[in-house]
Structures are given as structure tokens and as C-alpha cells.
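Chemist: So that we are looking at the same thing, I have put the structure below in C-alpha cells.
The values are calculated or read from the model by the stated rules, or taken from the named source; none is laboratory data. The structure displayed is predicted, hence computed values, not measured ones. Neighbour counts are summed over all protein chains in view; Cβ atoms, including those assigned to glycine, are modelled from backbone coordinates with ideal geometry.
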Amino acid sequence: MERLRNHSDFVSVLRVRHRVSSADVVAHYATREQESIQHAKSSAPRLGLAVANSVGNAVVRNTVKRRFRVLGRQYESLLPENCDVILRAKKTAPDASFASLNEQIKTLFSRIARQLDSENWKSINQ
């Protein structure tokens, strides 16, 4: 799974204001438009991470980010192509077990895929 690295990429996803959340994670998502896809290297889903200082010290934040990266790679197949996702940790994320985060991210990615499919279906039928 590719990563979102530029500030402009993060802002473009957050500007769309689509999000789904669970107990410990909030996922913001958007699809890339055709013109930006041509500039990108591939149409694979991209993942960005947002873990604020309020989550914990540097060790705690890096642990949360490592967990998110592993789980993002594990469930990237659930996401449609050209989808950008930002996983934002809530303050409770460091206290959550890996199994709990695993289930939450799997559920979030499935919900994102369903919502994007229903949006595409609506735009085709209009």
C-alpha cells in the first residue's frame, strides 16, 4: 500500500469530509480524480496516518502508527482503486489491543468500500 506523504494530499482528502469511525480510530477517505491519477504512479489505494501529540509520547505514537501500517497493508484489498484513506487515532487507541484495532480497521475499510460503491451506483443511475 502506498502512503500519503504530502500536505496537499492530506488536505485534499480531509476537504471532502467523508469519514467513518469506530471506538479508537477515525478514517477519512476520498477517491482520486482521473487527472490526479494520471500524475500518480499507480491507482493503488494510499494510506495516511494522523496521530496527534495528545495520543501519547513519541514511543506511544510510533507504536500506534506501526500498528496502523500493518493493518492497513493487511486490509488494503478491501478498498477500491484510487481511494485515499487517512487513519486518525483517537486518544484511546494506545490502550486498545491489537486484536481490537484489527477488527476495527477491517470494519472501517469494509464500510468505506460499501459507501464508495453505493456512491458510484448512484452517480451511474442519475
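Chemist: Quick one: which helices (runs of 4 or more DSSP H) sit completely within region 17-126 and have at least 1 residues that are at pLDDT 95 or above, closer than 14 Å to MET1 by Cα and not basic (Lys, Arg)?
Modeler: 58-75, 98-124
Chemist: Hey, another quick one. Cβ-Cβ below 6 Å, separation at least six or inter-chain, first residue in region 70-81 and over 15 Å from GLN104 (Cα atoms), second of a type in the set (S, T, N, Q): which pairs?
Modeler: Listed pairs, sorted by first residue: GLU81/SER43.
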